[in-house]
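Everything on this sheet refers to the single structure shown next.
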């Protein structure tokens, strides 16, 4: 029942950022104390005994959920940022967007070889960003335990894309038809 309550707290904004898109906005979930608590409880209960050694969150909303989960799991948090946002020595990875490419980075010293990492973001659509983040983590020799999302848009195929690369995905709620 709590997963249905989480879904109800996520608002839909029609035609944003362009006509025909039904944008699933998790900021409405974040501002609702009960909804955010239910979300974090569900994630914590899923991963509390999984042997995760660090949580990596993808900029920007993945930072919010990932950092809160890392705190609950009592493990470190690794920010995966857009290119040029980190001050130290970084490693980067290009990834595919619907129209073009982008680049994400992380600090080299944040990930050690063999580290068991949970990858977190707010929403799984086509999977491009998550695949880029996973490739970045793999370059460092770390293991991806799983990729975790609050929302999955199954019609856009992201879960299948991750699975084809051997990455398990977990999400709390789905919105069909997007």
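Values in this text are rule-based calculations from the coordinates and carry no lab data. Everything numeric here is computed off the predicted structure, so don't read it as measured data.
For the stretch 24-87 versus the stretch 105-178, the spacing of their alpha-carbon centroids is 13 Å. Multiplying the residue separation of residue 126 and residue 113 by 0.36 nm and subtracting their alpha-carbon distance yields 1.9 nm.
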